[in-house]
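The values are calculated or read from the model by the stated rules, or taken from the named source; none is laboratory data. Just so it is clear, the model here is predicted, and its values are computed rather than measured. Heads up, the Cβs are rebuilt from the backbone with ideal geometry, glycines too, and the neighbour counts pull from every protein chain shown. Accessible surface areas use protein heavy atoms only, side chains included; no ligands, DNA or RNA. Shrake-Rupley method; radii C 1.70, N 1.55, O 1.52, S 1.80 Å.
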Amino acid sequence: MLNPGQPLKRIDLSTVERHPPIVETALALAAASRLVVETAPVPAAGPRLAWRTEDDTAAFAARLAGSPAVRNAFIELHGDLGAGKTTLVRHLLRALGVTGRIKSPTYAVVEPHEAPATPAGAVSLAIWHFDFYRFNDPREWEEAGFRDLFASPGLKIAEWPEKAAGVLPVADLVLHIESQADESRLVTCTAHTAAGRTLLKDALP
């Protein structure tokens, strides 16, 4: 209790440590989180393969089909028109045992296939072949049920995945196919997941 006539003491608050305002703290945390995302390491490109003839493409596809990791993989195929993306898909599906016509799903966006059960007793394999060349409405991702397809078991292969980059999950294996002047193909392989690294290891000669 103050005594009458006792002088009041002055307290200098200028040296007292203050907590930063809540708004400023939130903004700083958000900026830091963005920095973490932006500086996340990007997988380095893997080996570059030379497919001199279509037989080389078929051989790569056969080795890929023989990998156990292919059964639930997501593989992206990049390349210009005529680079050989659909050719690779055809060889891969044939190697997996798919019969019948295999066409590019350019207009349908997705074509379903089913590979038969293996002699070893494995169940049949659902395969979804996507072509996002004409995909331009993100709402179609939900409306067409593509999210559910990618969440289901089976192999997913996507041509022109850059057209749906905002909605696609991370691919296990990414192949960039480049046509060369001598009609050969130069293929850059990048694995983004453990499954992708297994696929790539099994597919290399």
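Quick notes on this one:
- Breaking point among (1) under 23 Å from the mean Cα position of the chain (by Cα); (2) surrounded by fewer than 12 Cβ atoms within 10 Å (Cβ to Cβ); (3) at pLDDT 95 or above; (4) among the charged types (D, E, K, R), for ASP55: (1)
- Qualifying residue in the stretch 169-191 (condition: free of Cβ contacts under 8 Å to residues at least 12 places away in the same chain and closer than 27 Å to PRO68 by Cα): no
- Residue ID - farthest from GLY196 (Cα to Cα), chosen from residues in the stretch 65-77 that are touching a strand residue (DSSP E or B) at 6+ places or on another chain (Cβ under 8 Å) and either open to solvent by less than 10 Å² (accessible area, probe 1.4 Å) or aromatic (Phe, Trp, Tyr) (or both): LEU77
- For PRO153, the test of being part of a loop (DSSP other than H, G, I, E, B), surrounded by fewer than 19 Cβ atoms within 10 Å (Cβ to Cβ) and within 10 Å of the chain's Cα centre (by Cα) is failed.
- Qualifying residue in the stretch 166-185 (condition: β-branched (Val, Ile, Thr), open to solvent by 60 Å² or more (accessible area, probe 1.4 Å) and either at pLDDT 90 or above or over 14 Å from the mean Cα position of the chain (by Cα) (or both)): yes
Let's see how each residue does on (1) open to solvent by 60 Å² or more (accessible area, probe 1.4 Å); (2) over 14 Å from LEU168 (Cα atoms); (3) in contact with a helix residue (DSSP H, G or I) (Cβ under 7 Å, 6 or more places away or on another chain):
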| residue | (1), (2), (3) |
| --- | --- |
| GLY79 | no, yes, yes |
| ALA83 | no, yes, no |
| SER104 | no, yes, yes |
| ALA115 | no, yes, no |
| PRO138 | yes, no, no |
| TRP141 | no, no, yes |
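- The condition of being closer than 13 Å to GLU76 by Cα, out of contact with any Cys (no Cβ under 7 Å at 6 or more places or on another chain) and not aromatic (Phe, Trp, Tyr) holds for only one of GLU159, GLU178, GLU183, that being GLU159.
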